[in-house]
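Throughout, read-outs are computed from the coordinates displayed, never taken from laboratory work. Note that the structure is a prediction, hence the values are computed from the model and not measured. Every residue, glycine as well, gets a Cβ built from its backbone with ideal geometry; the counts of neighbours run over all protein chains shown.
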Amino acid sequence: MTGAVLEVKCLVKRFGGLIATDHVSLEVRPGEVHALIGPNGAGKSTLINQLCGELVPDEGAVFLGGQDVTAASVPDRVALGLGRTFQITNLLTEMSVRDNIAMAVQARMGRNFRIWDAVARRRALWAETDGLLAGTALDTRAHVPVAGLSHGEKKQLELLVALARKPQLLLLDEPMAGLGAAESHEMIVSLRQVAQATPMLLVEHDMEAVFALATRISVLVYGRIIASGSVEEIRANPEVREAYLGAEDELC
Amino acid sequence: MPSPDARNLARRIGLAVLVVALLAVPMFADSSSLSLVTRILIYSIAAASLNFVLGYGGMISLGHAAFFGIGGYVVGMLFVHHADATPLMGFIPGSNQLLVTVPAAVVVSGLLALIIGALSLRTGGVQFIMITLAFAQMIFFFFVSLKAYGGEDGIIVRRTNEFLGLNMRDRVTLYYVMLGFWAVFMLALWRVVHSSFGTVLRGMKQNERRMAALGYAPYRYKLYAFVLSGMGAGLSGALMANFLRFASPDMLHWTKSAALMTMVILGGVGSFLGPIWGTAAYLVLETWLAAQTEYWQLWLGLILLAVVLGTRGGINAGMARLAALMMRGRG
């Protein structure tokens, strides 16, 4: 009996002689925000890419809702409820904000091999899209093409698009990267709201955000998890301070 | 920036002018220019089909001559067996009915696109271009060595297929029949482009990784688009075989694939009307330049270069920019 939404068992990924993921095991339980921190080059992105299916691990297994998805493709994992945001925003740049969200809603609604309907007349699709947009900061920017958005707006849209897919689990790859102080704060507020309904695996450099959101923190260094525990435990852990927090403080 | 209403009105007026002009062509055209316009209509079906995968789907196929040529050969082979009163492959009766041969050509080219697409879409980028080219060349050499159907000489279709009892030997009647097929095809394509599937396909071209992360499996969507595109090119080939009363390996040659791609690029990749303008410009230039000089391809190449570099988006983008300029000029 695991009950975990996401379970990673002894994952290993090698690039030539380099071990990018070194026997990583972790899990995300319902209601949890599991933050994954670590210095640059610790292998966070490599791990995320294996979890979402873009990279195939050399050893180990990934379970989504108890189901083994180690060999499943990206779309198959998405169908099982995995959602993600990208570190470097990855959107449909020629389309508008509204169209980007609609594309996610459309993916969930299905019937997308129809060649004889008119997408503009799918009422349920647009009603839901507008509902998702309403009340967000992007509401007034609905018809702006993504190429015309600011970096902060693109980050918000990344999150909205991922949420539009109604995931059971969210993988967030540095949602704060490149945001200003005010924007970061807004993002923390929205993420806290999302976290009430959706468990998350949060990869983040911004320690303020991590401490504000996480219910559990794992520290990844050189592809290995060196510590895992509650926010207080990690804060107090001397090894973590040495390997990561101390160095980071000096950098900042 | 003109309002959407104004743009809609302009679009409707433009469409009405185009329809009237196309209907009136036989009244003004002599027989050689009527034949030129007919060829533009037929080729633009193939160019628009290629644009569906190339411009909307982002798949650069250099093998669309295979589908175009197969469409022509289906018409040719069915005609031969109809004339001989022998069954094709021992069990398929021949036919000279347009309403039989054209759907047959569309189905066969769709099946061929399914096979070629299923294999080539496992690759991407330059490999995809090369593999589609390689398949098309295989089909080309197959028909060159197929002596039962004329080999290098191809098949002469002595009579254009029969259609609703019309006199298909009359060039004007034939023009209107082709115009009818063209209009039906373009309306259908318009629907497909704006359908749920068409929207997903456009997303695929912009960002395949994002689409996969939303749960769309790229391979299946791209393969479906490739099959639809192959069917369109097959339709074009079947109409061409009826118009020329001839199906030959020429239709399958890789230069035909390149010509279709040139038409698309000249007109504007990924725009609905672009391939039509591109086909018209290509064929008019070809006809005119070939009458001036033996080295017409050199000049065509230079003009293509100028249009592509000068308009950044082909004739369609050039016209849109011109229209915007005029609007602004008027205040």
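Computed over chain A, the per-residue total of -39500 (n - 2.57) for DSSP H runs of n ≥ 4 gives a 222 nm mean residue ellipticity of -10000 deg cm²/dmol, rounded to 500.
Roughly how tilted is helix A:151-164, in degrees to the nearest 10 and between 0 and 90, from the longest Cα axis of chain A? With both axes taken from Cα atoms, the answer is about 80 degrees. Within chain B, the longest segment free of exposed loop sites, counting trypsin sites (Lys or Arg not before Pro) that fall outside DSSP classes H, G, I, E and B and have at most 12 other Cβ atoms within 10 Å, spans B:170-311. Panel order for B:D153, B:D5, A:D99, by other beta carbons found within 10 Å of each beta carbon, from fewest to most: B:D5, B:D153, A:D99. Taking each DSSP H run with n ≥ 4 as -39500 (n - 2.57) and averaging over every residue of chain B yields -25000 deg cm²/dmol at 222 nm.
Candidate cross-link partners of A:K9 among the aspartates and glutamates, defined by an alpha-carbon separation under 19 Å and a same-chain spacing of 8 or more, comprise A:D22, A:E27, A:E32, A:E54, A:D58, A:E59, A:D68. Between A:E186 and B:V126, the modelled label-to-label distance comes to 4.4 nm, taking each label 7 Å out from Cα in the direction of the beta carbon. Counting every other Cβ atom within 10 Å of each residue's Cβ, B:Y175, B:Y219 order from fewest to most as B:Y219, B:Y175. Look at the dipole of the stretch B:4-330 built from charges on Cβ: of B:G232, B:S33, B:N96, the Cα furthest out on the positive end belongs to B:G232.
Assuming charge only on the beta carbon of Lys and Arg (+1) and of Asp and Glu (-1), the dipole of the protein assembly as shown about its Cα centre is about 2000 debye to the nearest 20. Pairs from the list A:K13/B:K222; A:K44/A:K155; A:K155/B:K205; B:K147/B:K222; A:K44/A:K154; A:K154/B:K205 with a Cα-Cα gap above 28 Å: A:K13/B:K222; B:K147/B:K222.
FRET efficiency for the A:E242 to A:A212 pair, using the beta carbon distance and R₀ = 22 Å, is estimated at 0.40.
Axis angle, to the nearest 10 degrees, between helix A:181-195 and the longest C-alpha principal axis of chain A: 80 degrees. Subtracting the Cα-Cα distance of B:D30 and B:L111 from their residue separation scaled by 0.36 nm leaves 25.3 nm.
When the Cα positions of B:L121, B:V17, B:G150 are compared along the charge dipole of the stretch B:1-151, B:L121 comes out farthest toward the positive end, with charges on each C-beta of Lys, Arg, Asp and Glu.
Given +1 at the Cβ of Lys and Arg, -1 at the Cβ of Asp and Glu and no other charges, the dipole of chain B around its Cα centre is 1160 debye to the nearest 20.
Under a model in which nothing but the beta-carbon of Lys, Arg (+1) and Asp, Glu (-1) is charged, the stretch A:1-58 shows a dipole of about 80 debye around its Cα centre. Between the stretch B:6-69 and the stretch B:278-302, what's the alpha-carbon centroid distance in Å? So the two Cα centres are separated by 18 Å. Around the amide H of B:G268, modelled in the peptide plane, lie the amide H atoms of B:I315, B:N316, all under 5 Å away and 5 or more residues distant in sequence or on another chain. Projecting the Cα atoms of B:H81, A:A243, B:L302 onto the charge dipole of the protein assembly as shown, computed from C-beta unit charges around the Cα centre, puts B:H81 farthest toward the positive end.
Counted by neighbouring Cβ atoms within 10 Å, the residues B:I40, A:I88, B:I70 run from fewest to most as A:I88, B:I40, B:I70.
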